[in-house]
Each structure stands twice: as C-alpha cells, then as structure tokens.
Amino acid sequence: MPDNVYLIGTVNMDETTHPFSKKVLDRANTIEFNYIDLQQYPSLTSSEKVTTLPVHNHFLRSDYLQLVDVYQEYTDLVHSATEKLVRINHILEEVHSHVGFRIRDSICFYMVYNKRFELLTDDEAFDLQLLQKILPRVQGSSMSVKRVLLQLMQGALGRTLPVAELLEDASELYAKWNDNQEEAKAKHPQSARKIAFMLRRLEEDGFTSYWLS
C-alpha cells in the first residue's frame, strides 16, 4: 500500500453488533462520539471565508515504527508510561485482559507525539490512552471484572478507594459522576467517567462492556 493511504473505520455499536476482538483493539484507538451538545445552533451571521491549508503527507505519516526509534531521546517519558502500564497490567491480569508490547509501544508513541508537539499535559494524554486503548478490553459479569474496574478507578481518580466495601455496592461512586461532581478532581477524568458508567451497567444489568449505551 502506498504511504498516502490511511484506513479509518467507523461502526455503530448496538445490540446488532458483535464487540471487537482484542486483536482488533490492539491495533486501533477507539474514539467514541457519544456525548452530544444539543445547544449548538446554526449561525445566522455570514462567516468569514475559510482558506484551505495544504498539508503534506508527512504530517500524517508515522515517524516511529519501533520503540528504539524514540527511546534514546525520550527515555524518561517511555519509562514513565511503561511503569503506569505495568501497574495497570497487574490489575488486568485478573481478567486476562493485560496488554503486550504492541500496546505498550503504541501508547509510548502517543505520549512522545504529545510531548513533541506540546498538545496536552502528560496526564491528559495518558487519560485518552487509558480510555481508548485499555478500557475497551474490559467486559464481563463477574466479581473479578468489578474489582478490576474499581482498581482502575483508583488510578483514574488519583486516590485510594474502599474497594472491599464498593464491591458490595458502588452506587455512591458512580452516582457522583452522573452529575459530573467528580470530574474536576480526577487525575484522568474522561477515563473515570467511562469506568463509572461501566460500573453502573454492571450493577444494574449484571454485565458490563465499554460499548453498552
């Protein structure tokens, strides 16, 4: 395939759709468009003419193929991201959803691009990777899945939770997120909101998935 060809897929996830396999999730960033602001109205004033800005293919083409390509220049950043993933992997192992080198490298590249182009803070960038690369792998109906979600929530909030108590009833935790009361205090707010949603579905329906709406 020529290097100016890019594959971007969309899918409506509902009761007619099979969830993606981990093999697919390993190779993609999952970006949802679930939150809609209905209070967006057409502009009645004439807008200024937009000038087309040509973008060269190298703007989209990946600069890195192997971790060694960034390791020397971004050693500390690679170590920091990897240490976070090691802690997450210890949690995910309980439900056999831990990640491998492919996701490790992909997240490190994401963090490097973010640092290189000064786009987001490190916490904001890792929040998106936790949301897009890790959470789609978690699904099920067991108490182990609930324990995993609660432990991931601790990391997303950046504080310790009474996991043993919340295993019985986590409604106090996710009820706060329905009103967005916790978002400003969370270390990784977007991931925390998704985890709260997954916990609520698990308690109400007996099964949870990243994809349930």
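Which of the numbered conditions does Lys133 fail, given that it passes all the others? Conditions: (1) at pLDDT 95 or above; (2) in a loop (DSSP other than H, G, I, E, B); (3) of a type in the set (Lys, Arg).
Against the list (1) at pLDDT 95 or above; (2) in a loop (DSSP other than H, G, I, E, B); (3) of a type in the set (Lys, Arg), Lys133 comes up short only on (2).
Does the range 32-49 contain at least one residue that is closer than 19 Å to Asp127 by Cβ and either surrounded by 10 or more Cβ atoms within 10 Å (Cβ to Cβ) or touching a Leu at 6+ places or on another chain (Cβ under 8 Å) (or both)? Quick ask: steps written out before the conclusion?
Keep residues of the range 32-49 that are closer than 19 Å to Asp127 by Cβ, which gives 32-35.
If we keep only those that are either surrounded by 10 or more Cβ atoms within 10 Å (Cβ to Cβ) or touching a Leu at 6+ places or on another chain (Cβ under 8 Å) (or both) too, we end up with 32.
Yes, that holds for at least one residue.
Where the second residue is at pLDDT 80 or above and in a helix (DSSP H, G or I) and the first is under 23 Å from Arg61 (Cα atoms) and lies in the range 7-25, which pairs have Cβ atoms under 8 Å and are six or more apart or on separate chains?
Leu25/Lys133; Leu25/Pro136; Leu25/Arg137
Residue-by-condition table, conditions (1) in contact (Cβ under 8 Å) with a residue 24 or more places away in the chain; (2) of a type in the set (Lys, Arg):
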{"site": "Ser43", "(1), (2)": "no, no"}
{"site": "Ser80", "(1), (2)": "yes, no"}
{"site": "Arg87", "(1), (2)": "yes, yes"}
{"site": "His96", "(1), (2)": "no, no"}
{"site": "Met111", "(1), (2)": "yes, no"}
{"site": "Leu120", "(1), (2)": "no, no"}
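Go through (1) farther than 30 Å from Pro2 by Cα; (2) surrounded by 15 or more Cβ atoms within 10 Å (Cβ to Cβ); (3) of a type in the set (Ser, Thr, Tyr) for Tyr74 and report which single condition fails.
Among (1) farther than 30 Å from Pro2 by Cα; (2) surrounded by 15 or more Cβ atoms within 10 Å (Cβ to Cβ); (3) of a type in the set (Ser, Thr, Tyr), Tyr74 violates only (1).
Among the residues of the range 138-150, which ones are at pLDDT 95 or above, of a type outside the set (A, V, I, L, M) and surrounded by 18 or more Cβ atoms within 10 Å (Cβ to Cβ)?
Correct list: Lys146 only.
Tally the residues that are within 25 Å of Leu128 (Cβ to Cβ) and in contact with a Phe, Trp or Tyr (Cβ under 7 Å, 6 or more places away or on another chain), restricting the search to the range 141-173.
Count: 0.
Within the range 182-213, work out how many residues are of a type outside the set (D, E, K, R) and farther than 17 Å from Tyr35 by Cβ.
As a first pass, look at the range 182-213 and keep what is of a type outside the set (D, E, K, R): 184, 186, 188-192, 195-199, 202, 206-213.
So of that shortlist, the ones also farther than 17 Å from Tyr35 by Cβ come out as 199, 202, 206-209.
Selection size over the range 182-213: 6.
I'm checking my understanding of the structure. Among residues of the range 84-117 that are of a type in the set (Asp, Glu) and over 23 Å from Leu65 (Cβ atoms), which one is surrounded by the most Cβ atoms within 10 Å (Cβ to Cβ)? Full working, then the answer.
Of the range 84-117, the ones of a type in the set (Asp, Glu) are 93-94, 105.
Pick out the ones that are also over 23 Å from Leu65 (Cβ atoms) and you get 93-94.
Numbers: Glu93: 11, Glu94: 14.
Top of the filtered list is Glu94.
The values are calculated or read from the model by the stated rules, or taken from the named source; none is laboratory data. This one's a predicted model, so the numbers in the text were calculated from it and none came from an experiment. Virtual Cβ from ideal backbone geometry, glycine too; neighbours counted across all protein chains shown.
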